[in-house]
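Colleague: Here you go, one structure.
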């Protein structure tokens, strides 16, 4: 049996979003995963059949760069000795490029470094081109899944979401402050959903850094809701966090790793996406989730740059109209500046269909998805506007064709075709 290595050196959410690729590779090979050391407890449970190769990929308190490098050397030697038949390098980072030099360049998919030059496969090149227009993007889970020649259907990746009986979980914040709701905005939403859900337990989730936000949120909760709170901020390791999330009725969250963890566990997600978060790029995967997407003209943005509009995308979430809409889910109560999206699927992967308000550039996104599905051999026609999209997505070196074994007609040469 072949052995394939997946190099995923990013954070928790990215590790979970790699699931479709892992499941696809597992159909033809023994799966190995190279990941950050801190994520081993989650990876063991999400990918129980994978062989893990943990390294120190991120800065950690108390560990110097020299100590991390020394700890990594035995793992690097182990990886070099494995002689993998294929390596999927998913991260555009200096460490990932350096690690790719351990392997035969012809075996590496995604990103690789050859003779000091950083190279991208054709599929990655295409993604860099279409991603210039983020509003028409593909979900990251599906992008990585198509590093494989024959990915499993997106609908088979995560279970259908259903309440588990443990009440509502509230994730206090994500890694980027502008993607998160401040406690005074989050508290009324959490209280309204808690009340509508039967006034069951209310669980606060987050790292130790979110403890002050949790205290502030509790001050803004009605007394009855505050009495139902269990505050787990800063009190759970990853194993314990998975156990807590697995028993919830639902999770209210920004774009976070916990959101993807809940989707993996089949727990219904109610997510709010604002600032740089864009559901069509990093939304939850699976049936039964809801995303409230800010659709200001400037969204999605870069949270690393100052906002000249005083974070206008936050305002709809603070409105009474949104509270009513979040509870009733009635589309006639649409709120300006927001789109309510439900998770769905097409032949390419995960989609997010509006049920309240409108998502910007829906037609552009549909056309691009049709075109990419054709490019990947998943539909017989490229769809409307194919010539315009071809000029946008392809460049001269892509105009190469060869017969495909699976179809009599000729296709564009894919990133992984030899």
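Colleague: Taking the Cα centroid of region 225-239 and of region 285-335, what is the distance between the two, rounded to the nearest whole Å?
Modeller: 26
Colleague: Find how much the distance from residue 135 to residue 380 grows on full extension, using 0.36 nm per residue of separation minus their present alpha carbon separation; answer in nm with one decimal. If you can, show how the numbers build up before the last one.
Modeller: Details: separation 245, 0.36 × 245 = 88.20 nm, distance 2.51 nm.
Here the segment from residue 135 to residue 380 would lengthen by 85.7 nm.
Colleague: What FRET efficiency, computed as 1/(1 + (r/R0)^6) with R0 = 41 Å and r the Cβ-Cβ distance, is obtained for residue 107 and residue 211, rounded to the nearest 0.05?
Modeller: On the way: r = 46 Å, r/R0 = 1.12.
Using R0 = 41 Å, I get an efficiency of 0.35.
Colleague: Sticking with this one: Which shape class, rounded, prolate or oblate, goes with region 268-352 when its Cα gyration tensor gives a ≥ b ≥ c as root eigenvalues, a/c under 1.5 marks rounded, and past that a/b bigger than b/c marks prolate?
Modeller: Values: a/c = 2.35, a/b = 1.18, b/c = 2.00.
Cα axes put region 268-352 in the oblate bin.
Colleague: With contacts defined as alpha carbon pairs under 8 Å and 6 or more residues apart, what's the relative contact order of region 168-345 in percent? All intermediate terms of the calculation are to be shown ahead of the outcome.
Modeller: On the way: 319 pairs, mean separation 38.4, N = 178.
Reported as a whole number, the value is 22 percent.
Colleague: Using only Cα atoms and rounding to the nearest 10 degrees, what angle (0 to 90) does helix 65-82 make with the longest principal axis of the chain?
Modeller: 50
Colleague: Can you tell me what the convex hull of the Cα atoms of region 74-122 projects to on average, as an area in nm²?
Modeller: On the way: hull surface 13.3 nm².
Directional mean of the projected Cα hull area for region 74-122 stands at 3.3 nm².
Colleague: What's the center-to-center distance, using Cα atoms, between region 104-161 and region 75-94 in Å?
Modeller: Their Cα centres are 16 Å away from one another.
Colleague: Over all directions, average the projected area of the Cα convex hull of the chain and note it in nm².
Modeller: If I average the Cα hull's projected area over directions, I get 21.1 nm².
Colleague: With N set to the residue count of region 192-305, report its C-alpha Rg divided by 2.2 N^0.38 Å to two decimal places. The partial results should precede the final answer.
Modeller: Working: Rg = 14.8 Å, N = 114, 2.2 N^0.38 = 13.3 Å.
Relative to the 2.2 N^0.38 Å estimate, region 192-305 comes out at 1.11.
Colleague: Still on this model: For region 216-281, just say rounded, prolate or oblate: build the C-alpha gyration tensor, square-root its eigenvalues into a ≥ b ≥ c, call rounded for a/c under 1.5, and beyond that prolate if a/b exceeds b/c, oblate if not. List each step's numbers first, then the result.
Modeller: Values: a/c = 1.90, a/b = 1.25, b/c = 1.52.
Because a/c hits 1.5 or more and a/b fails to exceed b/c, region 216-281 counts as oblate.
Colleague: Before rounding to the nearest 500, sum -39500 (n - 2.57) across all DSSP H runs of length at least 4 in the chain and divide by the residue total; then give [θ] at 222 nm in deg cm²/dmol.
Modeller: -9500 deg cm²/dmol
Colleague: Measure nothing but the geometry: give the 0 to 90° angle between the long axis through the Cα atoms of 183-196 and the longest principal axis through the Cα atoms of the chain, rounded to 10°.
Modeller: The helix 183-196 is inclined about 80 degrees to the chain.
Colleague: How would you classify region 2-119 from its alpha-carbon gyration tensor, with a ≥ b ≥ c the square roots of the eigenvalues: rounded for a/c under 1.5, else prolate if a/b is greater than b/c, otherwise oblate?
Modeller: Oblate is the answer for region 2-119, as a/c is 1.5 or above yet b/c matches or exceeds a/b.
Colleague: Further question: Which residues does a label at residue 327 reach in region 177-212, if reach means a backbone N under 14 Å from a point 7 Å past the Cα toward the Cβ?
Modeller: Under cut-off, by backbone N: 188-199.
Colleague: Just grab the label-to-label distance for residue 120 and residue 353, each label 7 Å out from Cα along the Cβ direction, in nm (one decimal).
Modeller: Output for this residue pair reads 3.2 nm.
Colleague: Taking the Cα atoms only, what angle lies between the long axis of helix 211-220 and the longest principal axis of the chain, rounded to 10 degrees?
Modeller: That works out to roughly 40 degrees.
Colleague: Grab the beta carbon distance between residue 236 and residue 92, set R0 = 35 Å, and tell me the FRET efficiency rounded to 0.05.
Modeller: Working: r = 31 Å, r/R0 = 0.89.
Calculated transfer efficiency: 0.65.
Every read-out reported here was derived from the displayed coordinates using simple, explicitly stated rules and does not represent laboratory data. For clarity, every value in this text was computed on a predicted model and none was experimentally measured. Using ideal geometry, Cβ is built from the backbone for each residue, glycine included, and neighbour counts are taken over all protein chains shown.
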